[in-house]
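K.L.:
Mind having a look at this structure? Questions to follow.
The values are calculated or read from the model by the stated rules, or taken from the named source; none is laboratory data. Source: prediction; values computed, not measured. Please note: Cβ atoms are built from the backbone with ideal geometry, for glycine as well, and neighbour counts cover all protein chains shown.
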Amino acid sequence: MPTTGEGGRGGIRALTRFLGISALAGALAAGLVVPIVGLAGVGTERVVDSLTSLPERLIAGAPDVRTRVLAADGSLIANLYEENRAPVGLKQIAPSMRHAIVAIEDSRFYQHGALDLQGTLRAMIRNRADGTTVQGGSSITQQYVKMTLLENARTPADQRAATALTYQRKLTELRYAIEVEQRYSKDQILDMYLNLANFGDGTYGVQAAAQHYFGVNASQLTLPESAMLAGIVKNPSGYDPVSNPGPATGRRNTVIGRMLQLGVISVGDANRALRTPVIDLSQVHPILNGCANSAYPFYCEYVVSKLLQNPALGDTPQQRDHYLKTGGLTIRTSLDPRIQAAAQKSIDEHSKPSDNTIAAVTVVEPGTGLVKAMVQSKPYGYGMHETAYNYNVEKSYPGGYGGFQNGSTMKAFTIAAAIQQGIPIDYQINSPDQIDLSNVPFRTCKGWTRDGNYTPKNSTKSGDFTMVDGARYSVNTYFLQLSEKTGLCAPATIAAKLGMYNAQTLKPLDQVVSFTLGVGYVTPLMLSNAYATFAARGVHCEPLLVTGITDQNGKSISTPAQACKQVLEPWVADGVNRVLSAVMEPGGTGGNLKFGNWALAGKTGTINKNLAVWFSGYAPNLAAAAVVADATPPYTNLIGQRLDGQDISDPTGSGTAGPIWETAMRGALQGMPRDHFTTPPDRVLGSYANNNSSSNQNSNSNQNPNQNQPTPGH
């Protein structure tokens, strides 16, 4: 061994006195008064000043813990994390794991104080003799302190200080280690250590490591599995069994040998463990991170976009994002896997990812606003036939596409306005094939508007129609004349109250002459939720995706609550339901979409040049909107484009988007109650009051007008 100079011997003697007195006194304060003059290579005054300026206690913030996003049934949607960690108590960690880590990292852990004086001095002397780095000899408590300081380091300077190869850093750790030992029991320290340590391949803490490498909980670890994990801690990348199985095997065997040497295990245990392969790569369970790896990536990303707007998670979006990925939160959502599967099955049956059109559908629960499903034809990704756009939602975050024009689905709001103004649903208007509305004034909320050259046509029938038949056949000239009578302010106000706005600009829909035939850009989520208000007898609820947030201690965190409000009189909504039920009757534009004996109502929508077609409809307990559209600029007519691998020859709301809606709703409603819509009062029905035997209606005219009205929160 090379000889050391006088300064080196003095430094070691001073260090010995420091360590000895600190250990004997059990408090670092005693060590600080010991002269350490002459400590080789270290500025004594600087070291003392640095140590005395430290806080008296180690400030150990909560370690980064992965967040879970859950579906309504508790199943996992996604993990969000910066460090993949899931803390568990010491009693939830297998004894073999506890024995293995103590054996290889600090075999005298339960016998010595904050530091193992023998091991530390041995390592210090070796380092001084070799003239190399500070290494070895750290107790588990010291290692925990080092990991905590590194975990707390948020700046590059803090990170360098936490890993600096200096005696100053070592002494800092010693001071904190003594304080930690005074504050916590050995078992508590071991628990914190095992939950904080890096176990390689992106896993932190023994629970995440056990789940990742072996697909088990930490309580189920076997001896060879425990020995492998214990061996990783010294060099998480070098002993990573996935990328370095050879070194990992050697290190695991070293741990087993050490456990045998200490008498922790028997020779038979050791031999059996040594014969076990270090890892079965086919059994490695990656804990996937982020929404992109979710089974429901679009829904998940939309949920995250809403969470980033929640001030309870931080003052800025950046702080909220960090908390989401480190706070160990449990995010509960409204997604219903059964209904989601029904919607996905429909999309799969009626479209293909390779189509040059897109198809999308959203399902919402009336009376609660719970978003039950959100599906589209192109899968998440950046490759061929993939997309990162969510075609179901507004353009309020980078992935939100921002909707499509929605055509005649807007007629529902004109119907509501007319009924609200006392116009019965048997109100007749002569509706020719074409009318001239050029320069005809239409009343708005701020005055009047007109179109200088507007001569709209029907795409279906012409003649004298009631509101019911006008909706059944989607007669454009009927509803344009009806909106001239109601004015544009009333239907626009109702639409706004039902959550309709421009999904591109996030501003109110324009009050233009053609409002009732489609205006602005809307989304399947927006339209399904608006129609859900009719199903809920005028109770509008804001779309609700996040139903609860708890931190890792089970404490609730504030999140926007269910927001439901009666925005239409129940009898107005009942009238709309009666009119839109006719659409689903034989001969109606949605007649081919009715199934079983369900009470159903809905409306088709086709926009100019057939760039998009819609069907939005509902039962009393679920509402959905489906769209098929060209989503790739420059937008072109759907005629000749592909859907489900076939060329579209006649794009319509009923024949193109309708089957997606029908299949999704048929599956989603399976097993749910067959409720009925409430019959509107005679003043709304007019002449239909004597002819109201439709299976969609409750025939009891004497029923309580509030019967079947959804209660917010139920």
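K.L.:
Restricting to strands (runs of 3 or more DSSP E) lying wholly in the stretch 371-467: which have 2 or more residues that are crowded, with 24+ Cβ neighbours inside 10 Å and not β-branched (Val, Ile, Thr)?
P.N.:
Where strands (runs of 3 or more DSSP E) fall fully within the stretch 371-467 and carry at least 2 residues being crowded, with 24+ Cβ neighbours inside 10 Å and not β-branched (Val, Ile, Thr), they are 371-376.
K.L.:
Same structure again: Which of the residues that make up the stretch 430-487 are on the phi > 0 side of the Ramachandran plot and out of contact with any strand residue (DSSP E or B) (no Cβ under 9 Å at 6 or more places or on another chain)?
P.N.:
Gly447
Yes/no per residue for (1) farther than 20 Å from Ala657 by Cα; (2) buried (at least 23 other Cβ atoms within 10 Å of the Cβ):
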residue: Pro491; (1), (2): yes, yes
residue: Ile494; (1), (2): yes, yes
residue: Leu517; (1), (2): no, yes
residue: Gly520; (1), (2): no, no
residue: Pro524; (1), (2): no, yes
residue: Thr533; (1), (2): yes, yes
residue: Ala536; (1), (2): yes, yes
residue: Thr547; (1), (2): yes, no
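K.L.:
Of the residues Ser219, Ser243, which single one is under 37 Å from the mean Cα position of the chain (by Cα), farther than 29 Å from Lys91 by Cβ and surrounded by fewer than 17 Cβ atoms within 10 Å (Cβ to Cβ)?
P.N.:
The match here is Ser243.
K.L.:
Please work out which one of (1) closer than 30 Å to Leu115 by Cβ; (2) in contact (Cβ under 8 Å) with a residue 24 or more places away in the chain; (3) in a helix (DSSP H, G or I) is the condition Ala209 fails and give its number.
P.N.:
Only one criterion in (1) closer than 30 Å to Leu115 by Cβ; (2) in contact (Cβ under 8 Å) with a residue 24 or more places away in the chain; (3) in a helix (DSSP H, G or I) is unmet by Ala209, namely (2).
K.L.:
Still on this model: Could you list all residues from the stretch 228-257 that are assigned to a helix (DSSP H, G or I) and β-branched (Val, Ile, Thr)? Lay out the reasoning, then the answer.
P.N.:
First pass over the stretch 228-257, keeping only residues assigned to a helix (DSSP H, G or I): 228-232, 245-257.
Within the stretch 228-257, Ile232, Thr249, Thr254, Val255, Ile256 qualify.
K.L.:
Return the pairs, sorted by first residue and then second, in which the second residue is in a helix (DSSP H, G or I) and surrounded by fewer than 17 Cβ atoms within 10 Å (Cβ to Cβ), the first residue lies in the stretch 289-318 and is on the phi > 0 side of the Ramachandran plot, the beta carbons are less than 9 Å apart, and the residues are 6+ apart or on different chains.
P.N.:
Cβ pairs passing all conditions: Gly314/His322.
K.L.:
Quick check on the stretch 633-666: of everything there that is under 30 Å from Asn597 (Cα atoms) and of a type in the set (Ser, Thr, Tyr), which residue is surrounded by the most Cβ atoms within 10 Å (Cβ to Cβ)?
P.N.:
Step one: of the stretch 633-666, the residues under 30 Å from Asn597 (Cα atoms) are 643-644, 650-666.
Okay, now just the ones that are also of a type in the set (Ser, Thr, Tyr), so 652, 654, 656, 663.
On the way: Thr652: 21, Ser654: 25, Thr656: 28, Thr663: 22.
Here the answer is Thr656.
K.L.:
Moving to a separate point now. Please note which strands (runs of 3 or more DSSP E) are completely contained in the stretch 596-698 and include at least 2 residues that are in contact with an Asp or Glu (Cβ under 9 Å, 6 or more places away or on another chain) and modelled with pLDDT of 95 or more.
P.N.:
Fully inside the stretch 596-698 and qualifying: 612-619, 622-629.
K.L.:
For the structure I just gave you, tell me whether Lys507 is within 29 Å of Ala626 (Cβ to Cβ), among the charged types (D, E, K, R) and free of Cβ contacts under 8 Å to residues at least 40 places away in the same chain. Spell out how you get there, then give the answer.
P.N.:
Working: within 29 Å of Ala626 (Cβ to Cβ): yes; among the charged types (D, E, K, R): yes; free of Cβ contacts under 8 Å to residues at least 40 places away in the same chain: yes.
Spelling it out, Lys507 is indeed within 29 Å of Ala626 (Cβ to Cβ), among the charged types (D, E, K, R) and free of Cβ contacts under 8 Å to residues at least 40 places away in the same chain.
One line per residue, one yes/no per condition, for (1) modelled with pLDDT of 95 or more; (2) over 27 Å from Arg57 (Cα atoms); (3) surrounded by 22 or more Cβ atoms within 10 Å (Cβ to Cβ):
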{"residue": "Gly74", "(1), (2), (3)": "yes, yes, no"}
{"residue": "Ala103", "(1), (2), (3)": "yes, yes, yes"}
{"residue": "Gln111", "(1), (2), (3)": "no, no, no"}
{"residue": "Leu117", "(1), (2), (3)": "no, no, no"}
{"residue": "Thr132", "(1), (2), (3)": "no, yes, no"}
{"residue": "Gly137", "(1), (2), (3)": "no, no, no"}
{"residue": "Thr163", "(1), (2), (3)": "no, no, no"}
{"residue": "Thr166", "(1), (2), (3)": "no, no, no"}
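K.L.:
Of all residues in the stretch 531-573 being in a loop (DSSP other than H, G, I, E, B) and of a type in the set (A, V, I, L, M), which is nearest to Ala418 (Cα to Cα)?
P.N.:
Leu568
K.L.:
Are any of the residues in the stretch 321-331 buried (at least 22 other Cβ atoms within 10 Å of the Cβ) and β-branched (Val, Ile, Thr)?
P.N.:
yes
K.L.:
Taking only the stretch 457-492 into account, find how many residues are free of Cβ contacts under 8 Å to residues at least 60 places away in the same chain and within 39 Å of the chain's Cα centre (by Cα).
P.N.:
Count: 2.
K.L.:
Still on this structure, I have one more. Give me a count of the residues in the stretch 258-302 that are buried (at least 16 other Cβ atoms within 10 Å of the Cβ), in a helix (DSSP H, G or I) and of a type in the set (Gly, Ala, Ser).
P.N.:
2
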